[in-house]
Amino acid sequence: MEELELTNKRVLKIWWSIWWRNILLLLVVLIASSASAFLLSVVITFLLSQLGVGKDSSAIIVNFISLPLGALIGVFFGCFAVKLALVKKSFGDFRIALVPVNNELAK
């Protein structure tokens with residue numbers, strides 16, 4: 001199998017393909033998750049207030065829950081964007097494929 005040189009033009013094509021999909025998915029996820037995040041924070045704050053937890057402590061707990069959850073969702077959709085950008089996608093004169101490494105050649 002022939003390997004192509006990794007030129008700046010080819011790198012830019014790959015980067016652009018990943019970047020615009022990532023931004024588009026990010027916008028969709030932000031819009032879709034903003035309402036659910038608001039409702040989740042309201043429910044958690046209400047439950048904590050029923051337990052006698054103060055407003056300041058409730059805000060800290062809500063942030064402690066929502067920030068890692070948002071980061072995990074971002075990582076998931078970022079990986080999904082990369083998969084969308086690379087799977088069976090033609091970049092003009094090349095495409096990216098996962099090819100197993102021949103163990104005898106690697107030695």
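Values in this text are rule-based calculations from the coordinates and carry no lab data. As the structure is a computational prediction, the values presented were derived from the model and not from experiment.
Which of (i) 17.6; (ii) 14.7; (iii) 13.4 is the computed Kirkwood radius over Cα pairs in Å for the structure on display? Label (i) holds the value from this structure. Helix 55-86 and the long axis of the chain differ in direction by around 20°, with both axes built from C-alpha atoms. Cα centroids of the stretch 13-56 and the stretch 61-88: 11 Å apart. Over the chain, DSSP H runs of length four or greater, each weighted -39,500 (n - 2.57), average out per residue to a 222 nm ellipticity of -26500 deg cm²/dmol. The angle between the Cα long axis of helix 8-50 and the main principal axis of the chain comes to about 20°, on a 0 to 90 degree scale.
Between LEU27 and PHE46, what length comes free when the chain is fully extended (0.36 nm per residue of separation minus the Cα-Cα distance, one decimal in nm)? Show your work: numbers first, answer last.
Values: separation 19, 0.36 × 19 = 6.84 nm, distance 2.86 nm.
Value of the extension gain: 4.0 nm.
Normalised size of the stretch 17-77, defined as Cα radius of gyration per 2.2 N^0.38 Å with N residues, equals 1.38.
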